[in-house]
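The values are calculated or read from the model by the stated rules, or taken from the named source; none is laboratory data. This structure is a prediction, so every number in the text was calculated from the model and none was measured. Because the Cβ atoms are built from the backbone with ideal geometry, glycine has one as well, and the counts that use them run over all protein chains shown.
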Amino acid sequence: MLVRDIMNRQVRIIPPDMSLSSAYGIMQSHSIRHLPVVDEGRLLGVVTDRDLRLATSALSPVPFPADARVQDVMATPPRTADPMDPVEEAARTMRELKIGCLPVLDDDGGLVGIVTGIDLLDALVRLTGVDKPSGRIEVRLPDRPGELARLTSFLSHRNVNIHSILSYPEGPDTVTSVLRVGTIEIRPVADALRKADFEVLWPPPKPWAR
């Protein structure tokens, strides 16, 4: 999944000389939190609702008046994304920089979209398949070649369809795989996995089955 698959293409933009109060009014009326600041087709910065609140707060050392210009408080230069960036790279950038959006620019520097934290959450829902009727199985595997293939082969031979797999290293020698499978009756599947010496973390065994 790429940034182009999840970005919002209908981007509201504002000029740098717009007042803070007008920018905040746009955010309120359209239920958005981020506004790219564009001048003559060139992206100059990004202003957020948090920027506006902090700039005008009485707690600020030097509060800005409501009629101050957006260019005085916007974040510049803005960090951006490319439509062909993987969504996980966009998520990593936003997490590392602690920012809530990434304007998306094409090869010519034109603004073609914006990605927000909500867009990334929507992507996570799609990537995990949790939006479809399914069950969740979590298995700890040795971190060596062939282990994930052994797991998927085991499920395939039992006619269990896999909607998604997410894996992450849990230690120096193990990796945890979270699978969404095409059945809500996951306990029989988990029991069969345990009998085949897989370490199933979820669902836990029934108390009387331990």
(Q) If a residue counts only when it is under 30 Å from Ser31 (Cβ atoms) and in contact with a Cys (Cβ under 6 Å, 6 or more places away or on another chain), which strands (runs of 3 or more DSSP E) contained entirely in segment 65-181 have at least 1 such residues? (A) 111-116
**Q.** Filtered residues of segment 22-65 (kept if among the aliphatic types (A, V, I, L, M), out of contact with any Lys or Arg (no Cβ under 9 Å at 6 or more places or on another chain) and surrounded by 11 or more Cβ atoms within 10 Å (Cβ to Cβ))
**A.** Ala23, Val37, Val38, Leu43, Leu44, Val47, Leu52, Leu54, Ala55
**Q.** Hits in segment 12-49 - residues which are over 19 Å from Leu102 (Cα atoms), of a type in the set (Gly, Ala, Ser) and part of a loop (DSSP other than H, G, I, E, B)
**A.** none
Q. Would a scan of segment 37-48 turn up a residue that is under 19 Å from Ile118 (Cβ atoms) and either of a type outside the set (A, V, I, L, M) or over 23 Å from the mean Cα position of the chain (by Cα) (or both)?
A. yes
Q. Any residue at all in segment 91-99 that is exposed (fewer than 13 other Cβ atoms within 10 Å of the Cβ) and hydrophobic (A, V, I, L, M, F, W, C)?
A. yes
Q: Show the residue pairs that are 6+ apart or on different chains and have beta-carbon atoms under 9 Å apart, the first residue being within segment 117-132 and closer than 14 Å to Gly182 by Cα, the second being modelled with pLDDT of 95 or more and basic (Lys, Arg).
A: Thr128/Arg136; Thr128/Arg180; Gly129/Arg180; Val130/Arg136; Val130/Arg180; Lys132/Arg180
